[in-house]
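Written below as structure tokens is the structure these notes are about.
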Amino acid sequence: MKTYSAPSAIKVAVVGYGGAFNMGRQHLNEMKAAGMTPTAVVELDPKRLEVALADFPGIETYGTVDELLAKSAVDLVTVITPHNTHAELGLKIAAAGRHVVLEKPMAITTEECDAMIDAAKKQGVIVSTYHNRHWDGWILRAVELFKSGALGDIVRIDLRMGGHGRPGDWWRSSRSISGGILYDWGVHLLEYSLQLITSPVTEVSGYAWNGHWAAQPDFPWAKDANEDEAQATVRFASGQRINLTITHLDAASDKGFMKIVGTKATHIIEWPGAETHTPQGAGKTIIERAPHPKGEGHKFYENIAAHLTTGEALVITGEWARRPIHILDLAMRSAREGKSLPVIYS
Ligand SMILES: NC(=O)c1ccc[n+]([C@@H]2O[C@H](COP(=O)([O-])OP(=O)(O)OC[C@H]3O[C@@H](n4cnc5c(N)ncnc54)[C@H](O)[C@@H]3O)[C@@H](O)[C@H]2O)c1
């Protein structure tokens, strides 16, 4: 693989400069902070290209990724578009010999991830996924607690997000574009958990409830709407398990979005802080509450730059990013087929 003399020698571009969360600006700013050189923006919407030009005066702008690859000398391209476009764009970029970073989720199916990993290998470039949340303060703390032995062995992780309410009208509510209700936050929650449970996955069961919100007369996605609620149960060879639930139907959802049940303590992560419940015997439990440590999401692009310049090990490899996608892909298929499915990649 080609290495670079310094991070500034790595010319970077983004595909997608959407307005929902201004992610294009965030990526280019983080790439710049890691020492790389923002060079180009690709966006279908000319109005968003104007915003990009105002944010990064003089930056190259293109209407399509084909045009970028034909005309620009960029080395690394980050894809920040709706989920169903990641694989097609990622494959084009890798085939053109440029490094690829995909926003999460890496793609919708395992096969799409495989194709991108193979294409990148063939061209001698990297394929990674922007799992900036790998470094969220709450998961850094949970990993530290686990490694200190304070939680004991991890028995089960419960992941849950959502409540009762109509999903937004945006593309995230379309099953064919998003992949389904589990793909947005579910991929972050699984990526957190796979840092804590390292045993091979053996089986995934998926469950889904459909049709409630799709039946609303003015709901834009109709038959293509996401599930109202979906669940995945992941079985590991060790006997450990993960239960993931994302819902738009539960009017009384449980406390916290991540509950780690260990043999010595249970750790619950909520938005404002975390609680560690440590039993002392005789029915006594000490509950420690703590705010979250600061996140270190900037490490994502710092690691990419270090990998391409000094050969530092890549943290979010294509194979790592494929793990949660394989679980989500199997969960969705399992829900449709009404039975548990064995894994291919553990
Ligand atoms: N890591 C995080 O914390 C985080 C946060 C928000 C969004 N995301 C992810 O970022 C991605 C984009 O989400 P968003 O909220 O920015 O969406 P968005 O709708 O705001 O923006 C998507 C943009 O992509 C453009 N686009 C679509 N297809 C294109 C193509 N072929 N070529 C060029 N431009 C194209 C659209 O015109 C749009 O402006 C998703 O994968 C989402 O899950 C991640």
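Annotation: of all residues in the stretch 157-183 being part of a strand (DSSP E or B) and not charged (D, E, K, R), the one that is farthest from the ligand (Cβ to nearest atom) is His164. When the strands (runs of 3 or more DSSP E) confined to the stretch 1-109 are screened for residues that are closer than 17 Å to Val125 by Cα, those reaching at least 3 such residues are found at 11-15, 76-79, 99-103. Just for the stretch 198-211: of the residues that are assigned to a loop (DSSP other than H, G, I, E, B) and surrounded by fewer than 16 Cβ atoms within 10 Å (Cβ to Cβ), which one is farthest from the chain's Cα centre (by Cα)? Here the residue is Gly211.
Restricted to the stretch 78-130, and to residues that are of a type in the set (Gly, Ala, Ser) and touching a residue at least 40 places away in the same chain (Cβ under 8 Å), which residue is surrounded by the most Cβ atoms within 10 Å (Cβ to Cβ)? Checked the stretch 78-130; the qualifying residue surrounded by the most Cβ atoms within 10 Å (Cβ to Cβ) is Ala107.
One line per residue, one yes/no per condition, for (1) closer than 24 Å to Arg172 by Cβ; (2) within 8 Å of the ligand (Cβ to nearest atom); (3) of a type in the set (Phe, Trp, Tyr); (4) over 20 Å from the mean Cα position of the chain (by Cα):
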position	(1), (2), (3), (4)
Pro7	no, no, no, yes
Lys11	no, no, no, yes
Ala20	yes, yes, no, no
Ala33	no, no, no, yes
Leu49	yes, no, no, yes
Glu60	no, no, no, yes
Glu67	no, no, no, yes
Ile80	yes, yes, no, no
Ile108	yes, no, no, no
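Checking the conditions here, which among Pro200, Pro217 is modelled with pLDDT under 95 and either closer than 24 Å to Glu103 by Cα or not hydrophobic (A, V, I, L, M, F, W, C) (or both)? Every option except Pro217 fails the conditions. Considering Asp75, Asp45, Asp55, the condition of being buried (at least 18 other Cβ atoms within 10 Å of the Cβ) and among the charged types (D, E, K, R) is satisfied by Asp75 alone.
Listed here are the strands (runs of 3 or more DSSP E) enclosed by the stretch 223-280 that have at least 2 residues being farther than 22 Å from Glu191 by Cβ and basic (Lys, Arg), and there are none.
The values are calculated or read from the model by the stated rules, or taken from the named source; none is laboratory data. The structure displayed is predicted, hence computed values, not measured ones. FYI the Cβ positions are ideal-geometry reconstructions off the backbone, even for glycines, and counts take in every protein chain you see.
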